[in-house]
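One structure is given below, encoded as structure tokens.
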Amino acid sequence: MKTISDKIGGGIPDLAQAYRNAASSRHNSAHSAIYQYNYAWLENLKNEIISIAAALDILITARCRQVSANTGIRLDAHDINAALNFRFLELENGMYKETKEIGGRARKRWADLATAIAHLQPSLVRKNEFLIILNSRKRIESWYS
């Protein structure tokens with residue numbers, strides 16, 4: 001999951017530690033009437049949760065795609081790396097830049113996110129890709145499979 005998170009701009013050094021920290025803070029806040037959230041921490045937590053969720057969803061979806069495409073071979077015989085291909089829409093100067101790698105050369109620029117998604121999403125399964133939407137800070141906003 002860490003490798004996937006890194007490839008899609010997750011930016012978390014340790015996914016397991018981030019999860020433990022979030023669970024601990026959630027537990028503390030649920031059992032203390034005077035618990036004070038740090039709003040900067042909440043924003044960071046949101047980014048961490050999105051990164052963890054995206055990595056897990058992509059990993060499971062990629063494996064399911066492989067199994068569906070070839071049910072005749074054992075699960076561990078599939079190469080998961082072959083199913084982990086990404087396309088990015090990066091918000092830059094009010095436009096969405098379509099790239100194959102974060103910060104890469106623009107393949108196309110889109111003025112409207114909904115139009116870009118509507119155009120790109122139908123071919124994701126056929127191309128064995130995942131579409132990652134990044135905000136202007138290159139953080140994951142959403143993803144499509």
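If you go through segment 1-51 one residue at a time, how many are within 16 Å of L84 (Cα to Cα) and part of a helix (DSSP H, G or I)? If you could, list the steps in order and put the result at the bottom.
Taking segment 1-51 and keeping what is within 16 Å of L84 (Cα to Cα), we get 1-10, 51.
Filter once more, so that each one left must be part of a helix (DSSP H, G or I): 2-7, 51.
Residues that pass the stated criteria total 7.
Give me the residue from segment 66-89 that is among the charged types (D, E, K, R) and surrounded by fewer than 16 Cβ atoms within 10 Å (Cβ to Cβ) and, out of that set, farthest from Y19 (Cα to Cα). Quick ask: steps written out before the conclusion?
At the first step, the residues of segment 66-89 found to be among the charged types (D, E, K, R) are 74, 76, 79, 87.
Checking the rest, the ones that are also surrounded by fewer than 16 Cβ atoms within 10 Å (Cβ to Cβ) come to 74, 76, 79.
Numbers: R74: 31, D76: 27, D79: 27 Å.
Of everything passing the filter in segment 66-89, R74 is farthest from Y19 (Cα to Cα).
So which residues in segment 1-52 are surrounded by fewer than 16 Cβ atoms within 10 Å (Cβ to Cβ) and of a type in the set (G, A, S)?
Once the filter is applied, which keeps residues that are surrounded by fewer than 16 Cβ atoms within 10 Å (Cβ to Cβ) and of a type in the set (G, A, S), segment 1-52 yields G11, A16, A23, S24, S29, A30, S32, A33, A40.
How many of the residues making up segment 90-114 are surrounded by 10 or more Cβ atoms within 10 Å (Cβ to Cβ) and more than 16 Å from W143 (Cβ to Cβ)? Reasoning before the result, please.
To start, the set of residues in segment 90-114 that are surrounded by 10 or more Cβ atoms within 10 Å (Cβ to Cβ) comprises 90-92, 95-104, 106-110, 112-113.
Narrowing the set further to residues that are more than 16 Å from W143 (Cβ to Cβ) leaves 92, 95, 97, 103-104, 106-110, 112.
Residues meeting the conditions: 11.
Only one of A55, A62 is under 30 Å from S29 (Cβ atoms), in contact with a helix residue (DSSP H, G or I) (Cβ under 7 Å, 6 or more places away or on another chain) and surrounded by 13 or more Cβ atoms within 10 Å (Cβ to Cβ); which?
Exactly one residue qualifies, and that residue is A55.
Quick check on segment 80-94. Is at least one of its residues within 16 Å of L134 (Cα to Cα), touching a strand residue (DSSP E or B) at 6+ places or on another chain (Cβ under 6 Å), at pLDDT 85 or above and assigned to a helix (DSSP H, G or I)?
No, segment 80-94 contains no residue that is within 16 Å of L134 (Cα to Cα), touching a strand residue (DSSP E or B) at 6+ places or on another chain (Cβ under 6 Å), at pLDDT 85 or above and assigned to a helix (DSSP H, G or I).
Within segment 128-136, is even one residue assigned to a strand (DSSP E or B), surrounded by 14 or more Cβ atoms within 10 Å (Cβ to Cβ) and in contact with an Asp or Glu (Cβ under 6 Å, 6 or more places away or on another chain)? Before you say what the answer is, go through the steps one by one.
Residues of segment 128-136 assigned to a strand (DSSP E or B): 129-134.
The next check asks that each one be surrounded by 14 or more Cβ atoms within 10 Å (Cβ to Cβ); those that pass are 129-134.
Filter once more, keeping what is in contact with an Asp or Glu (Cβ under 6 Å, 6 or more places away or on another chain): 133-134.
Among the residues of segment 128-136, at least one is assigned to a strand (DSSP E or B), surrounded by 14 or more Cβ atoms within 10 Å (Cβ to Cβ) and in contact with an Asp or Glu (Cβ under 6 Å, 6 or more places away or on another chain), which makes the answer yes.
The values are calculated or read from the model by the stated rules, or taken from the named source; none is laboratory data. Remember, predicted model here, so these are calculated numbers, not experimental data. Every residue, glycine as well, gets a Cβ built from its backbone with ideal geometry; the counts of neighbours run over all protein chains shown.
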